């Protein structure tokens, strides 16, 4: 019933890649997901492992209760279980919120679609279909021909401008795990860089740190 | 419901910030015997009377509330250390002293549940509150001096403080960026020094009136 590696969080602030428990990883994924404006890669393996451990502990608690084990012990295990469950549930819920918010965008953009899990994809497709159908039946079919698309404002629109996109220029607070040097501006403009030491806190545009978050070098706070 | 903080106010509710802080390790001295705890979040114990051991804050608070242990206050929470930090905070207008990232939450939980384990508790509490006030005030005044940048370094700001200023700073920086960016494009195109853009020095009113 032990966690996947040694006691999580060796020092107060920084987690090393070596001694990171599943709960720490889940906490990190939850935090990043909450702070990021777009949906991030689904941590399938982590979620599965967490689910297994939760089920295991639930069974153990039932056993303990039946065998009349020290109620203090039981309540402590229950607390740990509650905390882990909260993390897992909140993580999944935040993702669902983002899917609902950017429903059409997530299905249109290949990059975003890759980041959803199987069930999320099914949910998103069904949701989008339902919403599209709803729009069509209530409003769109009653509009003149050129304006009947769910995705475009009118036939002459070149892009799908009725699809809200996540705002990638939002500022986020982040902390770096390593020394990182990032290009502040997009190519073509002045190549200013910002260098982050390990442990520095920065308010920074999400777009700049997006790649570093995916590779695990930077955490969102 | 899990995951339902109102996104318009702040990304994380204070309770969620506290939740994150509760995984910090603190030292306790148990007064009972208990076997090792094999939690999902890690293994802690064994618990032997009078032998100090490190556990997460949430576990420590739970044990303390049931009268099963006493706290060893963390080193940074001594009157001497806090007085030093307060002095240093007051001296410098722009830098923050190094404090544990979750010092607000840790101090709060200790005061609520374990105040009898803290020597000079009234002194310590008032010091912590003063430090919080000074730092928050410093944050607010520094906010007025932003310019249009893409990255702002905020060293040694703690979790709670970040969470408090985050909504305002985000919108301020976004507005700066939005107004700066088309200017950058225009300058690139024309390449001539057109009339200098006036820096928008209009001070922003903080969202919260003090």
(message) Taking each pair of distinct Cα atoms in chain A once, what is the resulting Kirkwood hydrodynamic radius in Å?
(response) 20.5
(message) I'd like the distance separating the alpha-carbon centroids of region B:84-130 and region A:60-75, in whole Å.
(response) 38
(message) On C-alpha positions alone, give me the angle between the axis of helix A:118-138 and the longest principal axis of chain A, in degrees, nearest 10.
(response) 40
(request) Estimate the FRET efficiency between residue B:117 and residue A:97 by the formula 1/(1 + (r/R0)^6), using the beta-carbon distance for r and 35 Å for R0, to the nearest 0.05. (result) 0.30
(request) Project the alpha carbons of region A:88-209 onto their principal axes and report the range along each, largest first, in whole Å. (result) 57, 40, 20
(request) Let me know the mean shielding of A:67-76 by other chains, meaning the per-residue number of their Cβ atoms within 10 Å of its Cβ. (result) 2
(request) Would you mind checking region B:69-84 for residues with the amide N under 18 Å from a putative spin-label position 7 Å along Cα→C-beta of residue B:48? (result) B:69-70
(request) Order by neighbour count: B:43, B:116, fewest other Cβ atoms within 10 Å first, most last. (result) B:116, B:43
(request) Starting from the Cα of residue B:65, step 7 Å along the direction of its Cβ; do the same at residue A:78; then give the gap between the two resulting points in nm. (result) 1.2
(message) So, R0 is 45 Å and r is the distance between the beta-carbons of residue A:133 and residue A:60; what FRET efficiency does that work out to, to 0.05?
(response) 0.45
(request) Compute the length gained on full extension between residue B:156 and residue B:27: take 0.36 nm times their separation in residues and subtract their Cα-Cα distance, giving the result in nm to one decimal. (result) 44.1 nm
(request) Within 10 Å of each residue's Cβ, count the other Cβ atoms and sort A:208, B:118 from fewest upward. (result) B:118, A:208
(request) Multiply the residue gap between residue A:48 and residue A:143 by 0.36 nm, knock off their C-alpha separation, and tell me the result in nm, one decimal place. (result) 29.5 nm
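Quick note: the coordinates plus some simple rules give every number you see, no bench work behind them. Remember, it's a predicted structure, so these values are computed and weren't measured experimentally. All Cβ positions, glycine included, derive from the backbone under ideal geometry; neighbour counts span all protein chains shown.
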